[in-house]
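Step one of this worksheet: look at the structure below.
What follows draws every value from the coordinates through simple rules; no lab data is involved. It should be emphasised that the depicted structure is a prediction, and the values quoted were computed from it without experimental measurement. We place every Cβ from the backbone using ideal geometry, glycine too, and count neighbours over all the protein chains shown.
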Amino acid sequence: MKLLSYQDRNGRAGYGALRDDGVVALGERLAAEGAPTLRALLASGKLDAARRIAESTRADLPLTAITFAPVIPDPDKIICVGLNYRDHVAETGRTVTEHPALFARYPASQVGHLQPLVKPKVSDAFDYEGELAVIIGTGGRYIAAARALDHVAGYACYNEGSIRDWQRHTTQFLAGKSFAQSGSFGPWMVTADEIPDPSALTLETRLNGTAVQHTTTDLLITPVPGLIAYISTIMPLVPGDVIVTGTPGGVGFKRTPPLWMRPGDTVEVEISGIGVLRNSVVAETD
């Protein structure tokens, strides 16, 4: 099942299931049962009820009638993983660390599928980073790696747009990773029952139709179960939390000359079994 968050033509927020070329509006049907948002649906444990509705109901809205929002617009936290593919570690000149390198993003730093990424006016060093996003369905603390996938609700594509010169202001990554509307999350979440092995996926990032990153997720240094185990040792994970698992080699700032995202560009992140996250790039305006 593919689940997405959106706004309708009246600006009302909702979520639903993809069906054919439209959306079954689940939020309207499940709000009274404690699931007015996709995050609330995951927390309510009513995913099976949502699936039954989606499988037995015709679409309420065509995709042309919605604006895609980030899959989880209101997560409790977004935890990103840096330097989690060996080719990316090598191109940056760093060494593989014993434990995952973690940092945070914030909800206002991301947009949904088909919404423009905003290049900030203070920088031209706007880089792409195609990544696999993991959405938590069942929370927990000190989750064992052997049981970690039981806690996953689903998977999505993520473009962790990075402002490289600001990222290098200090040894901490946050400044370059949290500019408003600089990353994207979508187009939808594919539920975990359709992706039993997140290490068996292919990821490709394209800039203006040209492949700039290509990898398979079995090459993650710390795979999804290990990330969940490590992060849940630090803090309790809750339904709707997002773990962005890291980008492979091929990023723009390590090319000669550097390859940046610029206004007018189109960037796509495609992951097998999930779909294509597509965004244009626009310049920030006053």
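Points to keep in mind about this one:
- Ile243 being β-branched (Val, Ile, Thr) and crowded, with 22+ Cβ neighbours inside 10 Å: yes
- Residue match in the stretch 59-68 (condition: touching a Phe, Trp or Tyr at 6+ places or on another chain (Cβ under 9 Å) and closer than 24 Å to Ile243 by Cβ): yes
- Count of the stretch 206-245 residues which are on the phi > 0 side of the Ramachandran plot and either of a type in the set (Ser, Thr, Tyr) or touching a Cys at 6+ places or on another chain (Cβ under 8 Å) (or both): 0
- A search for C-beta distances below 7 Å between a residue of the stretch 183-208 that is farther than 20 Å from Leu227 by Cβ and any residue that is assigned to a strand (DSSP E or B) and aromatic (Phe, Trp, Tyr), counting only pairs 6+ apart in sequence or on different chains, returns Gly186/Phe68; Pro187/Phe68.
- The requirement of being surrounded by fewer than 18 Cβ atoms within 10 Å (Cβ to Cβ), among the charged types (D, E, K, R) and either under 29 Å from Thr245 (Cβ atoms) or in contact with a Pro (Cβ under 6 Å, 6 or more places away or on another chain) (or both) is not satisfied by Asp20.
- Entirely in the stretch 28-113, the helices (runs of 4 or more DSSP H) that have 3 or more residues that are among the hydrophobic types (A, V, I, L, M, F, W, C): 38-44, 47-56
- Filtering the stretch 254-286 to residues that are outside any loop (DSSP other than H, G, I, E, B), surrounded by 18 or more Cβ atoms within 10 Å (Cβ to Cβ) and among the hydrophobic types (A, V, I, L, M, F, W, C) leaves Val267, Val269, Ile271, Leu277, Val281.
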